[in-house]
1. If you scan segment 434-445, which residues turn out to be open to solvent by less than 30 Å² (accessible area, probe 1.4 Å) and within 17 Å of Gly277 (Cβ to Cβ)?
2. Which helices (runs of 4 or more DSSP H) sit wholly inside segment 44-157 and have at least 3 residues that are touching a Phe, Trp or Tyr at 6+ places or on another chain (Cβ under 9 Å)?
3. Are any residues in segment 236-268 more than 30 Å from Asn446 (Cα to Cα) and either basic (Lys, Arg) or open to solvent by 30 Å² or more (accessible area, probe 1.4 Å) (or both), and if so, which ones?
4. So if I check each of Arg464, Arg431, Arg379, which one is modelled with pLDDT of 95 or more and either β-branched (Val, Ile, Thr) or open to solvent by 30 Å² or more (accessible area, probe 1.4 Å) (or both)?
5. What is the one condition in (1) at pLDDT 95 or above; (2) open to solvent by 40 Å² or more (accessible area, probe 1.4 Å) that Pro65 does not satisfy?
6. Determine whether segment 369-376 contains at least one residue that is open to solvent by 60 Å² or more (accessible area, probe 1.4 Å), part of a helix (DSSP H, G or I) and either at pLDDT 95 or above or within 12 Å of the ligand (Cβ to nearest atom) (or both).
7. Looking at Gly372, Gly390, Gly359, which one is small (Gly, Ala, Ser) and at positive phi?
8. Tell me, yes or no, whether segment 279-292 has at least one residue that is more than 16 Å from the ligand (Cβ to nearest atom), aromatic (Phe, Trp, Tyr) and open to solvent by less than 20 Å² (accessible area, probe 1.4 Å).
Amino acid sequence: MLPRSGSRITLSRILLVGLAITLLFLINRSCTEQPTTLERVQNKGQLVVLTRNSPTTYYEGPDGPTGFEYDLAKLFAEHLGVNLKIVTANTFGEVIPRTAHGDVHLAAAGLTVTEERAKRVRFGPVYQEITQQLVYRAGKDPPRRIEDVIGGTLEVMAGSSHVERLKALKLELPALAWKENTELESEELLSLVWEKKLDYTIADSNEVALNQRFYPELRVAFDLTEPQQLGWAIPKSKDDTLYNAAVDFFNIINANGKLKQIIERHYGHVSEFDYVGTRKFMQHFNERLPRFKAMFMQAGVQSGIDWRLLAAIGYQESHWDPRAASPTGVRGIMMLTRTTAAQLGITNRLDPDISIRGGATYISHIIDQIPGRIPEPDRTWLALAAYNIGFGHLEDARKIAQQRASDPDKWIDLKENLPLLRQKKWHNKTRYGYARGNEAVVYVENIRSYFDLMIWMTDPRPPRPDSTINELAPDIPTILPPVL
Ligand code: BLG
């Protein structure tokens, strides 16, 4: 008997083990049949990216949506062969929780990689280095150390890496106090400092640099951190597919120079800018431009060029002074040379309307001469350099670029090569010879900055929400419904 019951037990054991194996096999099969995150993105044809609406990330530009993070995310979507769907966070504090919750595929929002955040999300490759900066308004005693801000008002974005930094500083300096604003973006906090409604704020160096052009009296007291890195945040998961695709993508755009180009597009003209110049620009915008605005708009319609770009050229040329004249006989609001004026059939260069229309026609002719394969905005930056230095010299600089194995179709590369037209070693080999190529670079970079300012001053900006200050910002804001 015993042996028989023993064999029954063995049999049922075998059956059980067999059943378990079958079950495991089925579970495993159903697991492997689940599409990966990357497959889901590709099947749906859509990459959903969370960002912030700010000048360093994503905003509506003159030609549609733009911004550093937007351009980067758009390129990633193209790399994956899918469309980009942008979702904007209402508050900065939402970004990490919504990403961690898996509401979106990734967040590209100017996020500093921090230890705290890395506990909740997975960071992709880093792409930009920033420092956190303490900002005040000129006219106040500049704080020299963090202790100096005690007693003043200091406000930072809730949920930001700036809060993390302040918390660390507070361990050493218990009297340090600040308010965490759940409503306002960095840009808006910077504007409050500028409006003297706030003594100090903390912002990332890239944000400060961009905003100093709009709020020229903003000053950096000191850096609060060593250089930190920005990276995309990806929901944590065992599935590595999207993360790996992002790693591949950054390897590619690092190697082919695309990342450098996007950085140049958004920040290239910023560091050169002179803040006294911005102040003057704003004064002239109010006092001088109104007389010529309709003329620029009309010329814009006729030439198909954004009137604000034409106004930016006019400002760089003459500070909107219709009687401007150079010692070599270049004249008028758009500073046409005698030869250019003759080519355009213009006899009175001092008439602002005639000068503006002439300048607009001339620049649109140059844009048409730039090889068709060169896309915007480089096309316009190259044309502007030619407006100033002459098409022949621009071509010379492009040939030099080619000889030096840099790209003659990219403004970022021409910026390096135009100044060589001053050096004998280079210009004696060119067709048109010596030219002040370095001035043409400053010329174009200034126009880029004036154009940004024109857009900023003329676009109706969304009303700023009331400064709702939350002393104890909740760590995790309410999770919004997922958008995936
Ligand atoms: C530009 C002309 C180009 C010309 C270059 O000079 O003027 N642009 C216009 O007239 C709009 O046509 O190119 S060329 O035709 O191929 O020779 C080079 O000659 C004007 C520049 C010169 C500059 N501002 C527009 O940017 C200027 O005012 N220079 C003053 C020099 S100085 O202070 O008198 O020495």
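1. Answer for segment 434-445, where residues must be open to solvent by less than 30 Å² (accessible area, probe 1.4 Å) and within 17 Å of Gly277 (Cβ to Cβ): Val441, Tyr443, Val444, Glu445.
2. 68-80
3. Matches in segment 236-268: Lys236, Ser237, Lys238, Asp239, Asp240, Thr241, Tyr243, Asn244, Val247, Asp248, Asn251, Ile252.
4. Values: Arg464 fails: modelled with pLDDT of 95 or more; Arg431 fails: modelled with pLDDT of 95 or more.
On inspection, the qualifying residue turns out to be Arg379.
5. (1)
6. Yes - at least one qualifying residue is present in segment 369-376.
7. The match here is Gly390.
8. yes
The values are calculated or read from the model by the stated rules, or taken from the named source; none is laboratory data. Here the structure is a predicted model, which means the values were calculated and not measured. Ideal geometry is used to build each Cβ from the backbone, glycine not excepted, and the neighbour counts take in all protein chains shown. Side chains are part of the model used for accessible areas, which takes the heavy atoms of the whole protein and leaves out ligands, DNA and RNA. Shrake-Rupley method; radii C 1.70, N 1.55, O 1.52, S 1.80 Å.
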